[in-house]
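The values are calculated or read from the model by the stated rules, or taken from the named source; none is laboratory data. Remember, it's a predicted structure, so these values are computed and weren't measured experimentally. All Cβ positions, glycine included, derive from the backbone under ideal geometry; neighbour counts span all protein chains shown. Areas reflect the complete protein model, heavy atoms only, side chains present, ligands, DNA and RNA absent. Shrake-Rupley method; radii C 1.70, N 1.55, O 1.52, S 1.80 Å.
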Amino acid sequence: MNYTPDMIEQVEKYASIYLPITDMALLMDLQPEVLREDIRNRKSDISKAYYCGKAASRVKLHHQEMLLAQVGSPVAIENAHRNLLDMEDDE
């Protein structure tokens, strides 16, 4: 499907708040199966926008987690450690 720049921007915004694809499709008057399939195509602009939106929010969460870990939050320290291990596994 051909997506307008506005639709691509919407998908990135929705993905950044972890809105399910089904809800995105409903709000954009699209078939969920079509949007889902287009997002699976990692070379499409809509897929790049979707994963960029998710990653941008993940950055914010990791940053907040690190700040909490630095002030001694036990859960944040554990999560930061897990994030580090995930990072090292991905290297």
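Seen through its C-alpha gyration tensor, with square-root eigenvalues sorted a ≥ b ≥ c, segment 45-91 comes out oblate because a/c lies at 1.5 or above while a/b is not bigger than b/c. Solvent-accessible surface of the chain, taken per residue with a 1.4 Å probe and all protein chains present: 73 Å².
For the peptides 13-24, 80-91, the ranking by mean Cβ contacts within 10 Å, running from highest to lowest, is 13-24, 80-91.
Principal axis extents of the C-alpha atoms in the chain (largest first, rounded to whole Å): 47, 27, 20.
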